[in-house]
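The values are calculated or read from the model by the stated rules, or taken from the named source; none is laboratory data. The model shown is predicted, which means the values in this text are computed figures rather than measured ones. Side chains included, ligands, DNA and RNA excluded: accessible areas come from the protein's heavy atoms. Shrake-Rupley method; radii C 1.70, N 1.55, O 1.52, S 1.80 Å.
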Amino acid sequence: MRYTFFLYHDESGATEVSEADMERGLRMFGEYIGALKKAGVFVDTDRLAPSPTATTLSIRNGERLIQDGPYAETKEQLGGTFVIDVPDLDAAIAWAEKCPAAHFGKIEIRASIMPQGGNPYAG
């Protein structure tokens, strides 16, 4: 079963991160990705640009509404994702516990409900 980890963290101190801390973080995440790949559960990952660069779109009553920034105006913002393929929620939780982001933010774990092979209507 596929699970997505949504990695949330407080962006307010992001500009204060030293090059050494950034290098250490990249190394920690690189090792985590390597462990996921070695276990054969890695599907995908992405690191997102800071939330102020986001644009939020919605359509209401046929009108397109554009908002600068993220939808949620909270301290913690979505900073990245991991998608893994494991047998069950317990296995997903075990991998989330190993993720470096768990030590400085929060990880939302959500199961995929997309049918095997993807959306049957996607050409």
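Considering the chain as a Gaussian network with a 10 Å cut-off on Cα pairs, which listed residue, R60, R110, R24, attains the greatest mean-square fluctuation?
With Cα springs under 10 Å in the chain, the top fluctuation among R60, R110, R24 is at R60.
Would you mind computing Rg(Cα) / (2.2 N^0.38 Å) for the chain, counting N as its residues? It would help to have the intermediate numbers written out before the result.
Numbers: Rg = 16.7 Å, N = 123, 2.2 N^0.38 = 13.7 Å.
In units of the globular-protein estimate, the chain measures up at 1.22.
So if I average 1/r over every pair of distinct C-alpha atoms in segment 3-58 and take the inverse, what Kirkwood radius in Å does that give? Each step should come with its number before you reach the end.
Numbers: mean 1/r = 0.0730 Å⁻¹.
For segment 3-58, inverting the mean 1/r across all distinct Cα pairs yields 13.7 Å.
What does the accessible area per residue of the chain come to in Å², with a 1.4 Å probe and no ligands, DNA or RNA counted?
Numbers: 8970 Å² over 123 residues.
Ligands and nucleic acids excluded, the result is 73 Å² per residue.
For the chain, what number of Lys pairs, 8 or more residues apart or on separate chains, have alpha-carbon atoms under 19 Å from each other? Each step should come with its number before you reach the end.
Values: K37/K98; K38/K98; K75/K106; K98/K106.
For the chain, the number of qualifying lysine pairs is 4.
At 1.4 Å probe size, with the rest of the protein present, what percent of the exposed accessible area of segment 8-104 is carbon and sulfur atoms?
That share works out to 53 percent.
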